[in-house]
Amino acid sequence: MTTPAIPEGVKRCGSRQFLLWLGVAALVVLWGVYAMYRIWFYGLNQTNMNNAYGFALWIWADLAVIALGGGAFFSGFLAYIIGLKNVKNIINFAVILGVVCYTSALLILGLDVGQPLRGWFIFWHANVHSMLTEVAFCLSVYLGVLIIEFIPVLLENPKIQKVRFFHHLSHNMHEIMAVFAATGVFLSFFHQGSLGGVPGVLYGRPFAFREGLFVWPWTFFLFTWSAAAVGPLFTASMCRLTEAITRKKLVKDDVYHLLAKISGWMLLTYIIAKSIDTIYWATVTAPSMGFALMDFYSNNPLYNIWILVAEIAVCGFLPALILITRKGRENKKLLFGAAILAIIGLLINRWVMVLQVMAAPLMPFQEEWFMYSPAWTEVATSILPIAYGIILISLAYRYLPLFPQEKELNPGN
Amino acid sequence: MFPFLYEWHWDIGHYLFMGALGYASAVIGLGLVYCIGKSIIDTAGEDENAGH
């Protein structure tokens, strides 16, 4: 189907089919919104959070979407600052994913704060000793950068392009996009890092506590590095998924190969650094607090040593080694299999640093773990970003020229 | 947070935190003003040319 609002030279499905697709995602969004309403209206007693779990499932979801949204800032860095032209063929999609991830992250924070109407307090009455303040500053301003990066894509819609002012605005914004992208990289570095900086002050939680350089624990750098490594893989995987759903080729393989190669090396260096950090923590930091490594991986029904093996070996070294080899990258199944493993590894890392931290014993003589299962309200609000992302990406794909190579790759549509 | 608010202290923490926020916001704000301003001029210039 083609209408004046659909980009020239590409075909999209019929309106009825499209609305049906959106309707299914909208139902999930409504479920999440209802859960949000209950939490805001009745309070946190609607969740399974308790005195042991001040961070719930949605904080994991928050850290996960922020890390996966790292594809936007790192792709922007590669495209606009390093000047890799190939990455520009997927940058619009990376920006949309970034907008989805960061609006979701702020939505979740609004939910977690409990009083979203007082959200501005964090700027007006800023506590400069709080890492949350830095994260909130960077997240909010970076979302602004992402929206600015998104505006030229939005203005490319054929209907909007007819208005001359918007045509010029789109062009002028493209011209200085490197400035916005550089600001975005600066902001992303600090908020990704600050989320990883939390273990540096968790003196009372030996499972999480990390030492580091000056005021920055090693996890500060590891969080940023892992987001930069896995973010582009997430972008590539979502692009591949969009190709599978639309049954069209949207970007050339060399774009995937380039992203995979860069991410592969980033992932390998990250996982080596992560292994060194883990070994130092297991042999020096934790023992100095009276714990042996296996104290954190036994006497509980969920967390055993395999979670560490899965994160570092299966979802770290294995995908990194696949992605740095030409043969691995050129085999589509291996490439996207490795990308999915790397994404799972990142999700495990954030889970461990949020939820296993809360579960692990605090004292050497404490044997009981604090186990937790999320309430439906937490599940609904954590799934909400996925459904919301499906809606936004579908609308963007239908009405905006997201993929510059689409026309060339699908001549007969 | 601004210096006229009661929580404000003239110390390094406030300089760094609020300075970085102000710096990033200023870059973004000025960039946007430049783009919008230039687009207005470009559009006006186009209209003028069309008139001749």
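Among the numbered conditions (1) surrounded by 14 or more Cβ atoms within 10 Å (Cβ to Cβ); (2) at pLDDT below 95; (3) within 9 Å of chain A (Cβ to nearest Cβ), tell me where B:Asp47 comes up short.
Evaluating B:Asp47 over (1) surrounded by 14 or more Cβ atoms within 10 Å (Cβ to Cβ); (2) at pLDDT below 95; (3) within 9 Å of chain A (Cβ to nearest Cβ) leaves (1) as the failure.
Quick check: anything in the stretch B:11-27 under 17 Å from A:Glu134 (Cα atoms), part of a loop (DSSP other than H, G, I, E, B) and not hydrophobic (A, V, I, L, M, F, W, C)?
yes
Return the total of residues in the stretch A:175-217 being at positive phi and of a type in the set (Asp, Glu).
0
Being among the hydrophobic types (A, V, I, L, M, F, W, C) and over 15 Å from the mean Cα position of the chain (by Cα) is the filter; apply it to the stretch A:366-386 and report the residue that is nearest to A:Ala52 (Cα to Cα). Quick ask: steps written out before the conclusion?
Taking the stretch A:366-386 as the starting set, the residues that turn out to be among the hydrophobic types (A, V, I, L, M, F, W, C) are A:369-371, A:375-376, A:379-380, A:383-384, A:386.
Next, only the ones that are over 15 Å from the mean Cα position of the chain (by Cα) stay: A:369-371, A:375-376, A:379-380.
Working: A:Trp369: 10, A:Phe370: 7, A:Met371: 9, A:Ala375: 15, A:Trp376: 19, A:Val379: 19, A:Ala380: 22 Å.
Going through the qualifying residues, I end up with A:Phe370.
Quick one: what pairs do we get from the stretch A:252-271, first residue within 14 Å of A:Phe336 (Cβ to Cβ), second assigned to a helix (DSSP H, G or I) and among the hydroxyl-bearing types (Ser, Thr, Tyr), C-beta under 8 Å, 6+ apart or different chains?
If the second residue must be assigned to a helix (DSSP H, G or I) and among the hydroxyl-bearing types (Ser, Thr, Tyr), the pairs left are A:Leu259/A:Ser75; A:Leu259/A:Thr235.
Do you know which residues across the stretch B:30-44 are surrounded by fewer than 14 Cβ atoms within 10 Å (Cβ to Cβ) and under 30 Å from A:Ser130 (Cα atoms)?
Matches in the stretch B:30-44: B:Leu30 only.
Only helices (runs of 4 or more DSSP H) wholly contained in the stretch A:100-208 count here; list those with 3 or more residues that are within 11 Å of chain B (Cβ to nearest Cβ) and either crowded, with 19+ Cβ neighbours inside 10 Å or of a type in the set (D, E, K, R) (or both). Even if it seems obvious, please write down each step before you answer.
On the way: elements: A:121-124, A:131-155, A:158-161, A:164-175, A:177-197.
Hits in the stretch A:100-208: A:131-155, A:164-175, A:177-197.
Among A:Ile81, A:Ile59, A:Ile39, A:Ile6, which is assigned to a loop (DSSP other than H, G, I, E, B) and either at pLDDT 95 or above or of a type in the set (A, V, I, L, M, F, W, C) (or both)? Full working, then the answer.
Working: A:Ile81 fails: assigned to a loop (DSSP other than H, G, I, E, B); A:Ile59 fails: assigned to a loop (DSSP other than H, G, I, E, B); A:Ile39 fails: assigned to a loop (DSSP other than H, G, I, E, B).
When all the criteria are applied, what remains is A:Ile6.
Listed here are the residues, each with its yes/no results for (1) in a helix (DSSP H, G or I); (2) charged (D, E, K, R); (3) modelled with pLDDT of 95 or more.
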| residue | (1), (2), (3) |
| --- | --- |
| A:Val357 | yes, no, no |
| A:Met371 | no, no, no |
| A:Ile390 | yes, no, yes |
| A:Pro404 | no, no, no |
| A:Gly412 | no, no, no |
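Residue check, A:Ala338 against (1) within 16 Å of A:Leu63 (Cβ to Cβ); (2) crowded, with 20+ Cβ neighbours inside 10 Å, all met but one. Which one?
Here A:Ala338 meets the rest and fails (1).
Here is a list of conditions, (1) touching a residue at least 12 places away in the same chain (Cβ under 8 Å); (2) assigned to a loop (DSSP other than H, G, I, E, B); (3) polar (S, T, N, Q), and A:Ser394 meets all of them except one; can you say which number that is?
(2)
Looking only at the stretch B:1-29, which residues are at the interface with another protein chain (Cβ under 9 Å from one of its Cβ atoms) and either at pLDDT 95 or above or crowded, with 16+ Cβ neighbours inside 10 Å (or both)?
Across the stretch B:1-29, the qualifying residues are B:Met1, B:His14, B:Phe17, B:Met18, B:Ala20, B:Leu21, B:Ala24, B:Val27, B:Ile28.
Touching a His at 6+ places or on another chain (Cβ under 6 Å) and without any contact (Cβ under 8 Å) to a residue 24 or more places away in the chain: does that describe B:Glu7? Explain how you work it out, then say what you get.
Numbers: touching a His at 6+ places or on another chain (Cβ under 6 Å): yes; without any contact (Cβ under 8 Å) to a residue 24 or more places away in the chain: yes.
It is true that B:Glu7 is touching a His at 6+ places or on another chain (Cβ under 6 Å) and without any contact (Cβ under 8 Å) to a residue 24 or more places away in the chain.
A:Trp120 fails exactly one of the following numbered conditions: (1) of a type outside the set (D, E, K, R); (2) closer than 27 Å to A:Leu384 by Cα; (3) in contact with a His (Cβ under 6 Å, 6 or more places away or on another chain). What is the number of that condition?
Going through the list (1) of a type outside the set (D, E, K, R); (2) closer than 27 Å to A:Leu384 by Cα; (3) in contact with a His (Cβ under 6 Å, 6 or more places away or on another chain), A:Trp120 breaks only (3).
Considering A:Gly197, A:Gly212, A:Gly231, which residue is more than 29 Å from A:Lys332 (Cβ to Cβ) and in contact (Cβ under 8 Å) with a residue 60 or more places away in the chain? Break it down into steps so the answer makes sense when it comes.
Working: A:Gly212 fails: in contact (Cβ under 8 Å) with a residue 60 or more places away in the chain; A:Gly231 fails: more than 29 Å from A:Lys332 (Cβ to Cβ).
Unique residue meeting the criteria: A:Gly197.
The values are calculated or read from the model by the stated rules, or taken from the named source; none is laboratory data. Source: prediction; values computed, not measured. With ideal geometry, Cβ positions are generated from the backbone for all residues, glycine too; neighbour counts draw on all protein chains shown.
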